[in-house]
Amino acid sequence: LQTTMIYVTHDQVEAMTLGDRIVVMNKSEIQQTDAPMALYDRPTNRFVAGFIGSPPMNFFKCKLILSDAEARLDAGGFKLKLLPRTAESLRKAGVRAEEVILGIRPEDVYDKLFMPASDESGMIQATVEVVEPLGAEIYLSLRCGGHSLMARMRKDISVTEGQDMDLVFDLRRIHLFDASSGRALI
């Protein structure tokens with residue numbers, strides 16, 4: 001139409017499909033203004049990360065252990081070794097060892113059986129609590145230690161409630177947020 005329009009909605013799916021630019025607000029405060037996929041891929045804070053995407057992003061409180069050689073996350077129920085480029089980005093941003101929030105989208109959690117030569121540094125073990133077959137995909141509600149998480153899986157996996165699974169986090173797609181402010185760290 002070549003016309004600028006402002007459309008207000010609480011439906012994030014509607015906003016993502018209709019908008020060229022989206023303004024995400026919380027309590028009358030602008031959190032982020034960006035293109036739909038930029039909001040999805042590069043949220044500036046935990047609120048935006050949790051608001052955009054369906055099912056919503058998984059969040060885990062972790063202890064960040066950052067040394068000159070590597071970076072690790074300890075979530076209590078699982079530990080992850082971060083990619084060298086993530087560790088370098090954290091160092092360049094001046095982040096020190098501290099409590100952080102790890103964010104990972106359900107579609108970035110994979111069944112290890114479907115990952116060719118997967119790296120063990122992104123692997124966790126979890127127990128399936130609920131299986132939701134949706135036709136083209138399956139949503140899994142899982143428990144890992146004291147943590148709950150959601151995974152969106154291929155429709156052709158064979159899984160039952162109570163089953164233990166080896167899962168792989170795509171460490172290229174994780175998000176790290178400051179535990180107190182919620183702002184994105186990298």
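Where does the charge balance sit around H175 when Lys and Arg score +1, Asp and Glu -1, over other residues with C-beta under 9 Å from its C-beta? Numbers along the way, then the final one.
Numbers: positive: R42, R46, R105, R173; negative: none.
Computed value for this residue: +4.
Of the whole protein surface, R42 contributes about 150 Å² of accessible area at a 1.4 Å probe radius. Measuring only protein heavy atoms, the 1.4 Å probe finds D156 accessible over about 90 Å². Distance between the 7 Å Cα→Cβ label points at E120 and L18: 5.1 nm. Ordered from largest to smallest accessible area (heavy atoms of protein chains, 1.4 Å probe), the residues T33, T4 come out as T4, T33. Ranking N45, G145, A15 by Cα position along the charge dipole of the chain, where only Lys, Arg, Asp and Glu carry charges on their C-beta atoms, puts N45 farthest toward the positive end. Along the axis of the charge dipole computed for the chain (Cβ charges of +1 for Lys and Arg, -1 for Asp and Glu, origin at the Cα centre), the listed residues L1, N26, G77 are led at the positive end by N26.
Apply 1/(1 + (r/R0)^6) to the Cβ-Cβ distance of L134 and M5, taking R0 = 25 Å, and write down the FRET efficiency to the nearest 0.05.
Efficiency at R0 = 25 Å is approximately 0.15.
What is the sum of charges, Lys and Arg at +1 and Asp and Glu at -1, for the other residues whose Cβ falls under 9 Å from the Cβ of N45?
Charge balance near N45 sits at +1.
Report the local net charge at M153: Lys and Arg +1, Asp and Glu -1, summed over other residues whose C-beta lies under 12 Å from its C-beta. Numbers along the way, then the final one.
Numbers: positive: K112, R152, R154, K155; negative: E107, D108, D111, E132, E137, D156.
My count for the surroundings of M153 gives -2.
Calculated from the structure at hand, P(r) over Cα pairs in 5 Å bins from 0, in percent is found among (i) 1, 7, 15, 18, 18, 15, 12, 8, 3, 1, 0; (ii) 1, 8, 17, 21, 20, 16, 9, 5, 2, 1, 0; (iii) 1, 7, 13, 17, 19, 19, 13, 7, 3, 1, 0 as (i). About its Cα centre, the chain has a charge dipole of approximately 540 debye under the convention of +1 per Lys or Arg Cβ and -1 per Asp or Glu Cβ, with nothing else charged.
The values are calculated or read from the model by the stated rules, or taken from the named source; none is laboratory data. Quantities reported herein were computed from a predicted structural model and do not represent experimental measurements. Positions of Cβ are generated from backbone atoms using ideal geometry, with glycine treated the same way; all protein chains shown enter the neighbour counts. The accessibility values were calculated without ligands, DNA or RNA, using every heavy atom of the protein model including side chains. Shrake-Rupley method; radii C 1.70, N 1.55, O 1.52, S 1.80 Å.
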